[in-house]
Amino acid sequence: MEEPRQKKMAIIASKGTLDMAYPPFILATTAAALGWEVQIFFTFYGLQLLRKSLKRIKISPLANPAMPMPVPMPVLVSSLPGMQSMATSMMKQKIKKHGVASLEDLRTMCLEADVKMIACQMTIDLFEFKKSEFIEGIDYGGAATFLEYAGGADVTLFI
Amino acid sequence: MEEPRQKKMAIIASKGTLDMAYPPFILATTAAALGWEVQIFFTFYGLQLLRKSLKRIKISPLANPAMPMPVPMPVLVSSLPGMQSMATSMMKQKIKKHGVASLEDLRTMCLEADVKMIACQMTIDLFEFKKSEFIEGIDYGGAATFLEYAGGADVTLFI
Amino acid sequence: MEEPRQKKMAIIASKGTLDMAYPPFILATTAAALGWEVQIFFTFYGLQLLRKSLKRIKISPLANPAMPMPVPMPVLVSSLPGMQSMATSMMKQKIKKHGVASLEDLRTMCLEADVKMIACQMTIDLFEFKKSEFIEGIDYGGAATFLEYAGGADVTLFI
């Protein structure tokens with residue numbers, strides 16, 4: 001009997017908000033735990049997820065009217081200075097309380113599980129990032145790098 | 001001649017806004033009508049789409065500068081209290097006028113067409129939802145549940 | 001030796017913001033350059049990307065708290081009238097300065113590379129668009145049109 005071929009997943013991570021930072025890392029670590037091969041291509045705001053410090057990663061309460069808040073807030077209130085930090089802090093407390101791993105931990109788990117993480121060179125040039133701002137152990141490439149891998153993957157997702 | 005294998009689609013529904021609530025249900029009902037097998041994994045804000053009441057599902061006009069509005073509005077005006085409800089109500093009227101099915105109808109059509117709908121257990125724990133808040137006829141699972149199905153699907157989408 | 005089958009990519013473009021307008025066009029032109037066959041289905045706000053004039057395509061700074069701004073801004077300031085235009089203008093200058101093609105150029109490259117671009121008929125009806133508002137050389141269809149192609153594609157992405 002032939003052994004089943006290893007499954008492959010190719011993810012584009014394009015968002016830099018706290019809520020949308022989790023899906024690429026959670027899907028990648030879960031897939032790796034199932035024995036899959038995974039590549040994540042970080043582009044646009046998603047590049048923020050490869051920075052050494054993840055402190056900038058924030059929730060935008062305005063962009064997520066569906067987020068359950070402890071108290072209902074009119075839209076104007078949620079645009080007051082400080083509300084963004086408050087929502088981010090509340091989310092982080094929830095995540096910690098419920099034993100969900102932090103973004104930093106999930107990212108380290110990805111590296112340890114040989115998830116290949118590729119930073120989009122075009123975005124780096126566009127936003128004038130320095131490579132020294134990013135963590136070690138990542139690769140650099142363009143849309144063609146992503147597509148060459150994605151063309152042979154079983155699951156492809158744009159996050 | 002061999003009969004063609006049934007096509008499969010695996011969707012992650014991660015958004016809870018009115019506009020992004022439609023794509024998973026429209027794609028799922030259309031695929032089911034074409035004879036496909038479909039699974040939708042509802043996670044993060046997407047979990048809102050499985051609540052008994054869909055009244056919370058709102059448009060955020062701020063998050064969508066490209067939305068054609070009947071009258072152009074400066075950004076500050078669209079952050080005034082009430083604008084979010086007004087935009088939501090305008091969208092719902094348009095949808096009704098043009099004979100597009102309501103979210104509730106589309107969701108029922110999914111259940112009737114045996115679209116498998118899975119609520120993300122981790123999100124439920126994180127936001128402290130109660131299972132009694134969700135509709136019946138759905139399953140519960142995690143990222144691994146999704147990936148096991150998606151690994152054999154023809155179309156995989158993160159919405 | 002058998003020649004490898006041509007790869008296929010199916011994209012749904014659902015966003016109408018400047019930042020999310022780039023990924024479908026960049027991925028499509030890159031794939032076409034690699035010899036792939038590509039279809040893009042433009043739906044919801046994504047339909048804006050098929051309009052003759054792309055001047056309405058704007059960034060929403062509020063929706064992207066992770067966007068690196070030259071000067072940090074509290075959320076309230078970024079909701080002041082004019083900030084949306086300023087952020088859009090800054091992004092356009094960066095794009096020009098770094099030699100990234102404009103949206104218009106990328107779209108023309110797609111047409112020249114035989115990328116099939118399909119406008120969602122349901123969205124056209126819903127927002128009461130006129131076909132004369134859209135560029136020539138595109139097709140019109142529904143979710144079933146997209147799925148029939150996507151079912152045989154190697155890469156499927158919802159943007």
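The values are calculated or read from the model by the stated rules, or taken from the named source; none is laboratory data. Every value quoted in this text rests on a predicted model; they were computed, and no experiment measured them. Using ideal geometry, Cβ is built from the backbone for each residue, glycine included, and neighbour counts are taken over all protein chains shown. SASA here: full protein model, heavy atoms, side chains in, ligands and nucleic acids out. Shrake-Rupley method; radii C 1.70, N 1.55, O 1.52, S 1.80 Å.
Descriptive notes on the structure:
- When the range C:13-55 is filtered for residues that are more than 22 Å from A:Thr123 (Cβ to Cβ), under 13 Å from the mean Cα position of the chain (by Cα) and not in a helix (DSSP H, G or I), the ones remaining, listed by number, are C:Gln39, C:Phe41, C:Phe42, C:Thr43, C:Arg51.
- Candidates are the residues of the range A:133-147 that are assigned to a helix (DSSP H, G or I) and either modelled with pLDDT of 95 or more or buried (at least 17 other Cβ atoms within 10 Å of the Cβ) (or both); the one that is farthest from the other protein chains (Cβ to nearest Cβ) is A:Thr145.
- Of the set (1) modelled with pLDDT of 70 or more; (2) open to solvent by 10 Å² or more (accessible area, probe 1.4 Å); (3) away from chain C (no Cβ under 11 Å), all apply to B:Val100 but (3).
- Matching residues in the range B:150-159 - criterion: being more than 8 Å from chain A (Cβ to nearest Cβ) and closer than 17 Å to A:Ile11 by Cβ: B:Val155, B:Ile159
Yes/no matrix, rows are residues, columns are (1) open to solvent by less than 20 Å² (accessible area, probe 1.4 Å); (2) in a loop (DSSP other than H, G, I, E, B); (3) more than 10 Å from chain C (Cβ to nearest Cβ):
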| position | (1), (2), (3) |
| --- | --- |
| A:Glu104 | no, no, yes |
| A:Leu111 | no, no, yes |
| A:Met117 | yes, no, yes |
| A:Glu128 | no, yes, no |
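- Residue list for the range C:1-50, filter: in contact with a strand residue (DSSP E or B) (Cβ under 6 Å, 6 or more places away or on another chain) and basic (Lys, Arg): C:Lys8
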